[in-house]
1. Within the stretch B:176-187, can you find the residues that are at pLDDT 95 or above and not hydrophobic (A, V, I, L, M, F, W, C)?
2. So if I check each of A:LEU9, A:LEU17, A:LEU50, which one is surrounded by 14 or more Cβ atoms within 10 Å (Cβ to Cβ), in contact with a Cys (Cβ under 9 Å, 6 or more places away or on another chain) and assigned to a helix (DSSP H, G or I)?
3. Looking at B:VAL317, is it within 28 Å of the chain's Cα centre (by Cα), crowded, with 20+ Cβ neighbours inside 10 Å and among the β-branched types (Val, Ile, Thr)?
4. Determine, yes or no, whether B:LYS166 is in a loop (DSSP other than H, G, I, E, B) and either within 14 Å of chain A (Cβ to nearest Cβ) or surrounded by fewer than 24 Cβ atoms within 10 Å (Cβ to Cβ) (or both).
5. Across the stretch A:312-350, what is the number of residues that are in a strand (DSSP E or B) and either under 13 Å from B:ALA324 (Cα atoms) or not acidic (Asp, Glu) (or both)?
6. Might you let me know whether the stretch A:363-384 holds any residue that is within 14 Å of chain B (Cβ to nearest Cβ), modelled with pLDDT under 85, surrounded by fewer than 23 Cβ atoms within 10 Å (Cβ to Cβ) and assigned to a loop (DSSP other than H, G, I, E, B)?
7. Filter the stretch B:216-242 down to residues that are in a loop (DSSP other than H, G, I, E, B), more than 8 Å from every other protein chain (Cβ to nearest Cβ) and not aromatic (Phe, Trp, Tyr) and give me whichever is surrounded by the fewest Cβ atoms within 10 Å (Cβ to Cβ).
8. Can we say B:GLY398 is touching a Pro at 6+ places or on another chain (Cβ under 7 Å), within 12 Å of chain A (Cβ to nearest Cβ), surrounded by 21 or more Cβ atoms within 10 Å (Cβ to Cβ) and closer than 30 Å to B:ASP205 by Cα?
There are 2 protein chains.
Amino acid sequence: MEQAVITYLTKNRDKHLTELKEFLAIPSISSLPEHKEDVQKAAKWVSNALQEIGMEKIEIYETKGHPVVYGEWLKAEGKPTVMIYGHYDVQPVDPVELWDSPPFEAEIRDEKIYARGASDDKGQVFMHLKALQAIFETTGTLPINVKFLIEGEEEIGSPNLPLFVKENKELLSSDVIVISDTSMMERGKPAICYGLRGLCGVQIDVKGPKSDLHSGLYGGMVQNPIHALVEIVKSFHNEKGQITVEGFYDKVAELTADEKAAYASLGITDQSFIDQLGVPEMFGEEGFTSLERNWVRPTLEVNGIYGGFQGEGIKTVLPAEAHAKITCRLVPDQDPDEIVELLQKHIKTYTPPGVTVNVSLFDKGPAFVTPFDHPAIQAAGRAYEKVYNVPTSYTRGGGSIPIVATFDQILEKPVVLMGFGLPDENFHAPNEHFNLENFDKGMETICYYWYELEQSL
Amino acid sequence: MEQAVITYLTKNRDKHLTELKEFLAIPSISSLPEHKEDVQKAAKWVSNALQEIGMEKIEIYETKGHPVVYGEWLKAEGKPTVMIYGHYDVQPVDPVELWDSPPFEAEIRDEKIYARGASDDKGQVFMHLKALQAIFETTGTLPINVKFLIEGEEEIGSPNLPLFVKENKELLSSDVIVISDTSMMERGKPAICYGLRGLCGVQIDVKGPKSDLHSGLYGGMVQNPIHALVEIVKSFHNEKGQITVEGFYDKVAELTADEKAAYASLGITDQSFIDQLGVPEMFGEEGFTSLERNWVRPTLEVNGIYGGFQGEGIKTVLPAEAHAKITCRLVPDQDPDEIVELLQKHIKTYTPPGVTVNVSLFDKGPAFVTPFDHPAIQAAGRAYEKVYNVPTSYTRGGGSIPIVATFDQILEKPVVLMGFGLPDENFHAPNEHFNLENFDKGMETICYYWYELEQSL
């Protein structure tokens, strides 16, 4: 690869950061109906950016939900074709009062850019755009063919993308799918994530009396919906951190001794997590290390619980209802549909008298693992090593990109997860940010990767 | 008593309702700091009303919190002195969207007046004002001496009134204390409540990681504060509806066979509660009827729980904290301080690993029982019977008016709870209202009571 490509990136750094800030300023929160127009605005922004870097056949495809943006460049005859997937939607920002700067006014402090979406995933999508532009404008061509598929519903579980992929198999055909939406191990330690957990979830709505009651006038004689909800939620775990839903672990693939050893050799200590997260101690399923609990073991996590009075002080109310939002992270070979059924059965079994319970389902996707010795993955490893000058780690991830499993199933091509985030960059939380060190090195790595790939596939 | 008093009330009904609406329009929510000025406005309103009906020595006494309003008329030489206690503060109104009309714009529908405070307690305070005015303006005098003590902190547990009472024992000396802040049994069935439960409570704040985490990236390896909170909250009860806090029931006075029989004879069925409250079935402590559970058994009730994401849809967050607000209703002879200590010890015992827990205390008061054969109570019973033409029931109540126990302890005079509310009038809940039938009959009853009292004490 020509050094001029790197020079181009260095020279245009300020311009790139200004453009990224513009992208980050759009509050494209896919889960909140009131931001529907913002999500569309972000789609338009991506489409314009594809235009600017020289892509062709650019189109904003409408779906039943938020649109999908497509663009391609297929003039590298005989060379491999890469599909780059990413998302331009972001998570909600609450509790917004915990942000040190407004979530949609990107601010650079201490060589980090702070904004919702800075790392997950606008920042990383942006890097792919600018890396290709650097090669294009420096060399006049690209070493690979490329297709962009940037969606707007990743943060709500990509409900409409599977259908779009099914209906556009030809359009999306490629040799490899590359996604930058994950993290490196830690600063200066590149990693390629070859497996992700799946996701499924339910909302539990407990109803008791027809309206809120005075806890003095009625307390003691009717079931409190909060008590009932707590009884159900408590029943999901035992004191060993194990999930007690019958059949939940039945299809979980056993961890091999080799994998166990490989994860241990990464040298990540519990103390480093404790320092980073500010918890008094680590806690999880008995018999597994923290990394194993996060990468290869399933979880059942309450993401939200609410009912009754939340203001300052006291209100002696016996509320009419109480709610919990619950998601499970799944591992091979758990089936999301099956797990949701087990959850529903469990909830029914553990519902105490005096209330009615409604269960609604969130979107779901299975776990995903790809062989890490695939040439496309090994080429990515070499690209990282060229820029970071240390060996690349091959890891798995605790998160879920449900669409990865869909790509695997429908397009039947290897998926390479090439992440440039860092684990402490507050994805989904207040003060999300992205380290500019990896913004710079990441774009270089991507450029090297396309040349490595040209030689490997 | 002269018939002219009743005629006066009938003639002035519209004027009275207009004035009551004015009182109800003041959003005097004592628990919310942003309503501090409204609470003061309500105190001023009461003070003006006392002036208007002919009271003397009217004063708004400042406290460390919201003010106390006092007024007296002591010119009935040789006659008994009554202290009328009530409160001009109200509960919060959330969830405000469940109100059919704005909570601070009183509206009369179907002979009921809807507003926050309509029954608890502005409506009932107002009735005392207007009943006395009716006698005064009709006869030119009163059959009793009277002192008004109307406070602004009842809904937050009267934190400053005990000190005020202690420091003003002479000012507040009387032969009997009358409070209208409770309910009749049901429509057309007057009741005098001779016992109330006490109250104490705690807020539990659970802290886990220093900020919200992505439930994929960290789920499984750190304790989820919601899970920890749920574990603590669940541990308070067993499946029999009993409270499992060690020592909680140790000092609870046993229910006598006589009382048990008296409550059963009231003929209140579970089905009537089920219909009224809209619950699928009644639920409570094993071995007791619904009335017993509410009147003579203590409770531990979660009034609010919150943590994590509450918006529409899904947010895969592992929250940094979770909270619960808990109150206990206490019965004779439980000691509120002792119960709070037991709660704290219990919470400590049941806190799982991986989180820190902070417990803060709410205000508290003991339970209260007064002998129902006291002449002041029996006189009230006769007054009711004159107006309602049915026998008066002698009941206990599940709620708490912590100041009642304080009066009992400091002033050492009988307390008569003469309530005109109905159990389904949504105290503390959306669509609080007051039946105008009892507004009319209640004022008549109060007038009769003062003449009965003149003869009895």
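The values are calculated or read from the model by the stated rules, or taken from the named source; none is laboratory data. Just so you know, these numbers come straight off a predicted model, no measurement behind them. With ideal geometry, Cβ positions are generated from the backbone for all residues, glycine too; neighbour counts draw on all protein chains shown.
1. none
2. Just one listed residue meets the conditions, A:LEU9.
3. No.
4. Taking the combined requirement at face value, the residue does not satisfy it.
5. So the count comes out to 11.
6. yes
7. Residue satisfying both the conditions and the ranking: B:LYS240.
8. No: the conditions fail for B:GLY398.
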